[in-house]
């Protein structure tokens, strides 16, 4: 065989191999696409999302629909199971003061505290008082402050996370980033880095209804924030004493009951009742942390609605077959 014929024969063989390979790839793609469509269309299916940076573990059985609240949306992750279990009806929705979890996380990430540390001092100004008065006039959640008042970082975080003070969310944002706009930009950048693809922050307190997220996205930041010992300690505290406001109380009235150890309530007309939580339950003899979020719970007492939905959901999770 001449050199030219050998070259043409080799070229035809390569083309045949490439053609076969393309057929195999197309068949695999069609199969995967069919499976994904079938899963998405199954009325009984609930999805799971692997937390970024976590090692994949064998999937557990699908969570039955009876676990989830009848309305709104919810998601949870169990300790040792890095897959976030995601309920139906996930869509970007207002999250109210649950947004403060991200605010506290960023402040502590930028200004870390040890468990025995109070951190640097934040001086409150006339402008902070004027902003507080404006927010109080809008019936926002605030704590009383005075010009010249000194708050430690820890005290400011207590005001943010326990009575859910919107005015202190703004104070912390300006203290940390120089302005609320710059802080909000960093909130969104952090959300993207954590894979919170359906989240958009527009303010540090969550008062703005344009601050939206999903329950599945919020589980990511709650789980990350609870890795910070100071954050976990503050949200597990029933009350704290501030220089001007005096004793403030945690809006999470489930704290200390049925294994609940935090994290953050949220409520307003647009968001309904919201609650980002962690509960510790003994399941099959194993101490298990359940971290979850419920959003959009209906009721006249919105905070109570969020708490009640989470409490019932944790009971149902703990009762699942293992």
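The values are calculated or read from the model by the stated rules, or taken from the named source; none is laboratory data. If you're wondering where the values come from, they're calculated on a predicted model, not measured in any experiment. We place every Cβ from the backbone using ideal geometry, glycine too, and count neighbours over all the protein chains shown.
Counting only strands (runs of 3 or more DSSP E) wholly contained in the stretch 145-253, the ones carrying 1 or more residues that are under 20 Å from residue 268 (Cβ atoms) and over 17 Å from the mean Cα position of the chain (by Cα) occupy 246-249.
Flag: residue 96 matches the condition of being surrounded by 23 or more Cβ atoms within 10 Å (Cβ to Cβ) and either out of contact with any helix residue (DSSP H, G or I) (no Cβ under 9 Å at 6 or more places or on another chain) or closer than 20 Å to residue 311 by Cβ (or both). Sort out which residues of the stretch 142-159 are buried (at least 22 other Cβ atoms within 10 Å of the Cβ), touching a helix residue (DSSP H, G or I) at 6+ places or on another chain (Cβ under 6 Å) and farther than 11 Å from residue 240 by Cβ, and write them in order of number. Within the stretch 142-159, 142, 145 meet the criteria.
Just one of (1) in a loop (DSSP other than H, G, I, E, B); (2) at positive phi; (3) under 18 Å from the mean Cα position of the chain (by Cα) fails for residue 299. It is (3). Out of curiosity, is residue 259 in contact with a helix residue (DSSP H, G or I) (Cβ under 6 Å, 6 or more places away or on another chain) and in the same structural domain as residue 99 (by TED's automatic domain parsing)? In short, no.
Return a yes/no flag: does the stretch 110-130 have any residue that is over 21 Å from residue 269 (Cα atoms), in a helix (DSSP H, G or I), over 25 Å from the mean Cα position of the chain (by Cα) and in contact (Cβ under 8 Å) with a residue 40 or more places away in the chain. Yes. Against the test of being over 17 Å from residue 251 (Cβ atoms) and crowded, with 18+ Cβ neighbours inside 10 Å, the options 285, 292, 306 yield a single qualifying residue, 292. Within the option set 265, 233, being over 23 Å from residue 297 (Cα atoms) and modelled with pLDDT of 95 or more holds for one residue only, 233.
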